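The next block holds one structure in the form of structure tokens; read it before the comments.
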Amino acid sequence: MTTRTPVRSFLLALALALASCFAVTQIQVARAQALTDAMPTDPQITIGKFANGIRYYIRANKKPEKRAELRLVIKAGSILEDDDQQGMAHLVEHMAFNGTKNFPKNKTIEFMESLGMRFGADVNAYTSFDETVYMLTVPTDKPEMMDKAMLILEDWAHNLSFDAAETEKERGVVMEEWRLGQGANMALIDAWVLAHCVRMASTPAGVAWNDAFARWSDERRPHLRFYQRSSVALTPLFQSHGRIAPLLRDLFFGLPGQWSWVHRHSVAALAGLKTGWLSGRIDLARYDPPAAGAAT
């Protein structure tokens, strides 16, 4: 009788899963529409285009009553940023709520709240890789309110104020959102490395902040790049509602996850300490502050 080791069983199961995944993919490709085919749309949607090139989509809904959901969708996002512009698309989105030509400072939010709308639930926006979307929910029982809402959308499209003081204030808000999005551990690592870089850039005359931030950007690049790439690769396995992805997840992180080497590297990756798939790890001790009395 042939006895299979756990490793051989795992490899066999993995091969079968990959073969099944390949077969499913071929069927999906065969059934998929050609890329040149027009995307089907709801026949109840009215589609048109203004003289300035803006395309509009209108659909009537009976529920909720006396409410209009407005969206301004801009086909531009963070993918258009250069390396030295990272985060700017998100900052621009935030600045839409900090002053425009016709709604200075926080007047946009004040106007919407005067209608009984709430910031966040009825007034919001988001930035993704390839689009920026602004959202409004407004009552339709007063035509003049709809006119003002459309004026807000127009201002968001091309009339942002970018007041210097408001921009500086909002930059801190965007940075905090970014840090929270990374998770607590990545934020703590960033803070630890930044403290080290500030110490290295300190002189009797003060801190050379440009040098400190430049060094911080270089120091954090390897582990941040790996963290982002591993998140892109692994997130579908853990959040998929399909059948194949969860099967692969269980194969990769079930039995192998019990092996000490895999477990150790998995924990390091989740903690944001890894800089490569098979090797590479941050040496946090290198960023420890010098002992009392030690020369820097």
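Any read-out appearing in this document is the output of simple, stated calculations on the displayed coordinates, not a laboratory observation. Values in this document were obtained by computation on a predicted structure and should not be read as measured data. With ideal geometry, Cβ positions are generated from the backbone for all residues, glycine too; neighbour counts draw on all protein chains shown.
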*Quick one: which residues, 5+ away or cross-chain, put their amide H under 5 Å from the amide H of Glu131? H built at 1.01 Å from N.*
Ala76, Gly77, Ser78
*Within the set Lys105/Lys148; Lys66/Lys101; Lys107/Lys169, which residue pairs have Cα atoms separated by over 22 Å?*
Lys66/Lys101
*Taking 0.36 nm per residue of separation and subtracting the Cα-Cα distance, what length does fully extending Glu69 through Ala165 add?*
31.4 nm
*Count neighbours as other Cβ atoms within 10 Å of each site's Cβ, and list the chymotrypsin sites (Phe, Trp or Tyr not before Pro) in region 48-143 that are DSSP loop with at most 15 such neighbours.*
Phe50, Phe129
*Förster radius 51 Å - calculated FRET efficiency between Thr140 and Ser230, Cβ distance, rounded to 0.05*: 0.65
*Please list, in chain and number order, the residues 5+ apart from Arg67 or on another chain whose amide H is under 5 Å from its amide H, with Hs placed from the backbone.*
Thr140
*Mind checking the full-extension length gain between Ala268 and His158? Use 0.36 nm per residue of separation minus the Cα-Cα distance, one decimal, nm.*
35.1 nm
*asked:* What distance in nm lies between label points placed 7 Å from Cα along the C-beta direction at Ala195 and Ser260?
replied: 3.2 nm
*Rounded to the nearest 0.05, what FRET efficiency is calculated for Val207 and Arg118 with R0 set to 45 Å and r the Cβ-Cβ distance?*
0.60
*asked:* Testing the spin-label approximation: label points 7 Å from Cα along Cα→Cβ at Thr41 and Glu81. State their distance in nm.
replied: 3.2 nm
*Using only the Cα atoms of region 46-168, build the gyration tensor, take square roots of its eigenvalues as a ≥ b ≥ c, and label the shape rounded, prolate or oblate: rounded if a/c is under 1.5, else prolate if a/b is larger than b/c, else oblate.*
oblate
